[in-house]
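Here is the structure we will look at, set down as C-alpha cells.
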Amino acid sequence: MTYLDHAASTPMRPEAVAAMQPYLSACFANPSGIHGAARAAKTALEEAREVVASALGARPGEVVFTAGGTEADNLAVEGAARAAEGRDGVVVSAFEHKGVLAAGDRLVTEGFRVQRVGAHRDGIVDLEALEAVLNDRTAVVSVMLVNNEVGTIQPLVEVAALVRRRAPRAVLHTDAVQAVPWLDVGAAAADAALVAISAHKFGGPKGVGALVVRDGTSVRPLLEGGGQERGLRAGTVNVAGAVAMAAALSTTIERRAEDVRRVAALRDRLVEGLTARVPDTFVNGDPRRKVAGNCHVGFRGVEAEALLVALDRQDLYAAAGSSCSSGATEPSHVLEAMGVPRAEALASIRLSLGFASTDEDVDRALAAIPAAVDRLRAPVRISR
Amino acid sequence: MNVLVLMSGGVDSSVAAARLVHAGHDVTGATLRLWGGETGSGCCSVSDVEDARRVAAQLDIPHYVFNFADAFTASVVEPYVASYADARTPNPCVDCNRAIKFGRALDRAVALGFDAVATGHHARVERGPGGAYRLRRGADLAKDQSYVLYMLGQGELARALFPVGELTKAEVRAQAARLGLRTATKPESMDVCFIARGDRNRFLAAHAPRRPGPVVDATGRVLARHAGIAEFTVGQRRGLGIAGGGPHYVVGIDAATATVTVGDRAALVDQEIPVRDLRFVGDAPGVEPLLVQTRAHGVPVPGRLAGDRVRLDAPAPRVAPGQVVALYDGDQLVGGGLAA
C-alpha cells in the first residue's frame, strides 16, 4: 500500500495507541463522578488538557474537547455568532472546510448576514476583499490556518490585524486542523480567539478534537446537558480519545522539526518528479507557501476521478476534491474559490504526505502516476 | 475477464455482479452518480449507493462511485427538456444507456483496462455464426430491456455483459435471496429517475419556459386552451381539458405555434412510421418481415422497413415523435431509430 492521503487521515502514532489503552479497559469510569475510579479518569483528562493547552499556546481552562474538527468549527462559528449581542455579520473565506461553511449556512437561516471572501489563484485568502467586508457589525471572522486541499498557509497575522482595525469587536476563529503536523499552532494562531484541531490529522484517533476558547470570548454551546467542559460542550468526555490526542500531539511536536524537514524533501522530490516526467502537469497553490506534506497537482486532459481509480487499483491511495455523502467526487469548492477553471479542477489530485511517509512511497508514486496518466490520456476507440 | 459492473443499488445489478464473481471474473463495481438535483431519491440517492456498496463488500469486490452528473445533465436531462419543448416525447433511459452507461462509463472502463462493462439489464448478447455480436431479448419477456439498448453497435456489444439476461425476474430475486443480498426484496425503480413520481409537468415547467396555446380539432376549431405543449404526447387521451364529444386523442403537436391537435381514434391510427437516426446491430435488413416495437413494454407488431419508413402490416396508433421504434427478427434485435 502506498498511502498518500495523510491530509484525510493519518495512521495513529504508537504512543497514542499505547496511551489510550488503559482508558478503554481498566480506567473506564466517567470522569464526572466523585469516586476513586472517576478521579483517575478525571486526572487523566485534565493532564491531557494541559498537554493540549500548552501545545496550542493556551491555558488549560481554555481547551474544550469536542468530537472532532467539524464540531469544533461548528461550535466556534455558530457559538460565537449567537453570543454576539447586536452584531449580525459573519465573514468566512470561501475555501474554508465544510464544517465552517455549513455553520455559516445555518446562521443565514437565523438571520445572520454571511459573506464569503474569495482567494487568489495562489491559494491565499484575498485580504483586500476581506478588509472590504469587515465592519462594526461583524460578529465572527473565520479564516483557516492551512487550507485542507492545496495546503497553503494563510496570513493569519495580517487577517487578525485587519479584524482589529476594521471590526475590533469581532471574534477571530481559525480552523487549524491541517496545521498541527507542520506548524507551531500556538504561535501561528496566537491572534485567534478560537482555534480548532482534530486528533486524527496528527496521529490521534478519529472522533476527538478540541476548540481553544480564549478567556473573554463568548460562545454559546451546541450541546447542552450535564455542563461538562465549562458548559460549552455537554456530554461525557471521550477520555481515551483526549488522552490519545494529547499523546499524539506531544509526539508530533517533539518530532516536528525533523518530520517537516524530511517530509518536505519527499514532497519536493514528488512534485519535481511528476512535473519532469508528466507533460502538461500543473501545481495548485503557491509551492513556497505550503505546508510540507502537500502536493496538489493536475494533469491536463485527465479526469482526476478516473486517475484515482487507476491508482487505487495499484494500491496507491490519493484524493481529489471532497467526498460527498454518496462517496462521489465533487468538484472542489476550494479550487473554485481560487478561480481555477473547472476543467483544471476536475484534472487535479491531492497527494498528501505525513509523518509515516517514506522514500518508497515517493518512488512508487513516481513510477505509477506517470504511467497511469499516459494510459488515461490515450484515446479510447470503440466503434459506435 | 476484467469486468466493471454498473451497480445501481437494485436487485438486478446486484445479482449481475454476484454471477460474474461466481463465474470467476475479476469484478469491480461502480455506481454512477448522475443527478444531484431536486428529487433526492431516484437513481442515485445516498441509500442506493450504500446498497450497492454493501453488496460489493459482501461480494468482496472493490466499489467506486463515478460522478457523471455533468454528462448526465448535458446528454440526458437537457435533451429531455428540449424534446418536450420541441413537441417530441423523449426516452431518457435510451439517452442514458447510449451516452452514459455505454458512453462515458464504457469509455472510462476501457481506459482503465477493463475488458467489459456489465449491467443488470434484461437482454442477451450472443455471437452469430460469422462472429458478429447479436442482441436478443431477455429470457423474461415481461422484463425485457433490449428496446432501451437498441442503439448498441458491434463496438459496444463486444464489451457488454448482461449477466441476468438469461434469468426471469423471479429467478433474479431468488438468487439474491439465496446469496443473502440486501437488495433481494427491494422494489423496482419506475418512472424517470431524475423526476419524482408524478412530478413531470412541474419539472418541465421549472426547466423550460411554458408557452400556452390552443387545443384544436382537425378543422382548426379551438376546443380548449393549454398551459404548455410539454404536457402532451401524441396518443394521449386524458388531461386534454375538453368537455364532451369524446373520446379525443392528441394526434399532433406543433411546437412553432404551440398548437395541440386532437381527433378521434380513426385520426390517431396510421400504417407508416417515419423514422430518423436509424442504426443497426449488424447489417441493415432487407425487405424481410420484422417485428416493430414502439414502447418499452409494448407488444411488437409485424411490419417492414422501407427506406426511412417503417410500414406496418396493419394500422396502429401513431407513435409519438421522439419515441424509439425498435425492429426485431424474432427475439433478436435488428436495430431501430426514433419516430420522426
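For residue A:98, go through the lysines and keep the ones whose alpha-carbon is under 23 Å away, minus same-chain ones fewer than eight residues off.
A:201, A:206, A:290
Going by how many other beta carbons lie within 10 Å of each one, how would you line up B:327, A:75, fewest first?
B:327, A:75
I want to verify the translational diffusion coefficient of the stretch B:92-224 in µm²/s; compute it with Stokes-Einstein, Rh as the Kirkwood radius over Cα pairs, at 20 °C and 1.002 mPa s.
119 µm²/s
So if I place +1 on the C-beta of Lys and Arg and -1 on the C-beta of Asp and Glu, and nothing else carries charge, what would the dipole magnitude of chain A be about its Cα centre? I want it in debye, nearest 20.
Charge dipole of chain A: 180 debye, to the nearest 20.
Can you give me the angle between helix A:156-166 and the longest principal axis of chain A, using Cα atoms only, in degrees from 0 to 90, rounded to the nearest 10?
Taking the Cα atoms of chain A, the angle to A:156-166 is about 60 degrees.
Fewest first, what order do B:72, B:114 take by the number of other Cβ atoms within 10 Å?
Least to most surrounded, the residues fall as B:114, B:72.
If every alpha-carbon in the stretch A:275-346 counts as one equal scatterer, what log10 I(q)/I(0) does Debye give at q = 0.16, 0.17, 0.28 1/Å?
Debye output, listed in q order: -0.62, -0.71, -1.50.
Using only the Cα atoms of the stretch B:9-132, build the gyration tensor, take square roots of its eigenvalues as a ≥ b ≥ c, and label the shape rounded, prolate or oblate: rounded if a/c is under 1.5, else prolate if a/b is larger than b/c, else oblate.
Oblate, because a/c is 1.5 or more while a/b does not exceed b/c.
Against the globular-protein guess of 2.2 N^0.38 Å, express the Cα radius of gyration of the stretch A:340-384 as a ratio, rounded to two decimals.
1.60
Whole number please: convex hull volume per residue, Cα atoms of the stretch A:151-196, in Å³.
Taking the convex hull of the Cα positions in the stretch A:151-196, it is 63 Å³ per residue.
Apply the a/c threshold of 1.5 to the C-alpha gyration tensor of the stretch A:21-100 and tell me whether it is rounded, prolate or oblate.
The shape class here is prolate.
Using only Cα atoms, tell me the angle between helix A:14-24 and the longest principal axis of chain A; keep it within 0 to 90° and round to the nearest 10.
So the inclination is approximately 40 degrees.
If you add up the charges near residue A:33, with Lys and Arg at +1 and Asp and Glu at -1, over every other residue whose beta carbon is less than 11 angstrom from its beta carbon, what do you get?
Net of charged neighbours comes to +2.
Rounded to a whole number, what is D in µm²/s for the stretch A:305-364 from Stokes-Einstein with the Kirkwood radius over alpha-carbon pairs (37 °C, 0.692 mPa s)?
Result for D is 256 µm²/s.
First select every other residue whose beta carbon is under 14 angstrom from the beta carbon of residue B:126; then total the charges, Lys and Arg +1, Asp and Glu -1.
After counting each charged neighbour, the total is +2.
Among DSSP beta bridges whose residues both lie in chain B, state the antiparallel percentage, nearest 5.
About 70 percent, rounded to the nearest 5.
What order do you get for A:251, B:294 when you list them from fewest to most C-beta neighbours inside 10 Å?
Least to most surrounded, the residues fall as A:251, B:294.
Sum -39500 (n - 2.57) across every DSSP H segment of at least 4 residues in chain B, then divide by the residue count to get the 222 nm mean residue ellipticity, nearest 500.
It comes out at -5500 deg cm²/dmol, rounded to the nearest 500.
For a quick check, take a GNM of chain A with Cα springs below 10 Å and name the residue from A:293, A:79, A:209 with the largest mean-square fluctuation.
Top of the fluctuation ranking is A:79.
What Kirkwood Rh does chain B have if only Cα atoms enter the pairwise 1/r average? Answer in Å.
Averaging 1/r across every pair of different Cα atoms and inverting gives 21.3 Å.
When chain B is treated as a GNM, springs tying every alpha-carbon pair under 10 Å, which of B:243, B:118, B:205 comes out with the largest mean-square fluctuation?
Comparing B:243, B:118, B:205 in the GNM, the peak value goes to B:243.
Can you tell me the mean projection area, over all orientations, of the convex hull of the stretch B:299-338's alpha carbons? Units nm², please.
3.0 nm²
Using only Cα atoms, what Kirkwood radius does the stretch B:191-306 have, in angstroms?
Hydrodynamic radius (Kirkwood, Cα pairs) of the stretch B:191-306 is 16.8 Å.
Sorted from largest down, what three extents in whole angstroms do the Cα atoms of the stretch B:79-139 have along their principal axes?
44, 30, 22
Let's test the formula: R0 of 41 Å, r as the Cβ-Cβ distance of residue A:25 and residue A:257. What FRET efficiency results, to the nearest 0.05?
Plugging the Cβ-Cβ distance into 1/(1 + (r/R0)^6) gives 0.75.
Tally Lys and Arg at +1 and Asp and Glu at -1 over the other residues with C-beta under 14 Å from the C-beta of residue A:366: what net charge comes out?
Within the 14 Å Cβ shell, the charges total -3.
Which percent of Cα pairs goes in each bin when the distances of the stretch A:119-256 are cut into 10 angstrom slices starting at zero?
11, 36, 34, 16, 1
Under a 10 Å cutoff between Cα atoms, tell me which one of B:36, B:130, B:303 has the largest fluctuation in the Gaussian network model of chain B.
B:130
Hey, which lysines would be in cross-link range of residue B:101, C-alpha to C-alpha under 28 Å, not counting anything within fewer than 8 residues on its own chain?
Within reach: B:143, B:169, B:186.
Largest first and in whole Å, what are the equivalent-ellipsoid semi-axes of chain A based on the Cα gyration tensor, each being the root of 5 times an eigenvalue?
Equivalent ellipsoid semi-axes, largest first: 35, 27, 18 Å.
Report, to the nearest 10°, how far helix A:69-83 tilts away from the longest principal axis of the Cα atoms in chain A, using its own Cα long axis and a range of 0 to 90°.
The helix A:69-83 is inclined about 50 degrees to chain A.
Once you have a ≥ b ≥ c as the square roots of the Cα gyration tensor eigenvalues for the protein assembly as shown, tell me rounded if a/c is under 1.5, and otherwise prolate or oblate according to whether a/b is larger than b/c.
Prolate, since a/c reaches 1.5 and a/b exceeds b/c.
What is the Rg over Rh value, at two decimals, for the stretch A:27-69, using alpha-carbon atoms and the Kirkwood definition of Rh?
My calculation of the ratio gives 1.04.
At 222 nm, what helix-only mean residue ellipticity would chain A give, in deg cm²/dmol to the nearest 500, using -39500 (n - 2.57) for each DSSP H run of four or more?
Calculated at 222 nm, the ellipticity per residue is -13000 deg cm²/dmol.
Every read-out reported here was derived from the displayed coordinates using simple, explicitly stated rules and does not represent laboratory data. Bear in mind that the values here come from a model prediction, so they are computed numbers and not experimental data. When we count neighbours, we look across all protein chains shown, and the Cβ atoms used for this are built from the backbone with ideal geometry, even at glycine.
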